[in-house]
1. Just to be sure I understand, how many residues within region 48-80 are over 20 Å from Ala24 (Cβ atoms) and in contact with a Ser or Thr (Cβ under 7 Å, 6 or more places away or on another chain)?
2. Within region 19-66, which residues are in a helix (DSSP H, G or I), over 19 Å from Leu80 (Cα atoms) and touching a Lys or Arg at 6+ places or on another chain (Cβ under 7 Å)?
3. Give just the number: which of (1) touching a residue at least 40 places away in the same chain (Cβ under 8 Å); (2) within 10 Å of the chain's Cα centre (by Cα) does Ala24 not satisfy?
4. Scan region 38-64 and report the pairs whose first residue is within 19 Å of Gln11 (Cα to Cα) and whose second residue is part of a helix (DSSP H, G or I), with Cβ atoms within less than 7 Å and a gap of 6+ or a chain change.
5. Restricting to region 1-57, give me the number of residues that are among the basic types (Lys, Arg) and within 16 Å of Val72 (Cβ to Cβ).
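The values are calculated or read from the model by the stated rules, or taken from the named source; none is laboratory data. In this text the structure is predicted, and so the values were computed from the model without any measurement. Here the Cβ positions follow ideal geometry from the backbone for every residue, glycine too, while neighbour counts run over all protein chains shown.
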Amino acid sequence: MQQDLNRSTQQSRRMDWVRQFDDAPDGALFDQKIIAAKLDISTAQLEKWRWNGQGISFIKIGRLCKYRKSDVTAFIDQNLYRSTTQIGVDK
């Protein structure tokens with residue numbers, strides 16, 4: 001019962017973060033937890049991409065890493081495919 005409640009709370013929080021992202025202007029900056037929620041990936045995946053120089057462009061402010069909404073939406077658009085046979089092929 002408690003586990004279901006925790007899962008429900010986490011899901012609700014994730015939906016709030018996605019809504020916050022969707023409602024923001026293009027220049028808004030977000031931390032990795034909101035971007036991970038939007039992309040339905042882990043924050044560890046974002047950290048791995050940053051370490052490897054892959055993924056979404058980010059802004060470094062002191063110790064903080066921030067993502068601009070316009071960069072996230074551009075990343076999503078760049079990874080839009082109609083077929084798995086297109087992956088790895090120049091568009």
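1. Total satisfying the criteria: 0.
2. Phe21, Thr43 - these are the residues of region 19-66 that are in a helix (DSSP H, G or I), over 19 Å from Leu80 (Cα atoms) and touching a Lys or Arg at 6+ places or on another chain (Cβ under 7 Å).
3. Answer for Ala24: the failing condition is (2).
4. Sorted first by the residue in region 38-64, then by its partner, the pairs are Lys38/Val18; Lys38/Phe21; Lys38/Val72; Ser42/Ala36; Thr43/Gln32; Thr43/Lys33; Thr43/Ala36.
5. 5
Quick grid of which residues meet (1) surrounded by 14 or more Cβ atoms within 10 Å (Cβ to Cβ); (2) hydrophobic (A, V, I, L, M, F, W, C); (3) modelled with pLDDT of 95 or more:
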position: Asp23; (1), (2), (3): no, no, yes
position: Asp31; (1), (2), (3): yes, no, yes
position: Ile35; (1), (2), (3): yes, yes, yes
position: Leu80; (1), (2), (3): no, yes, no
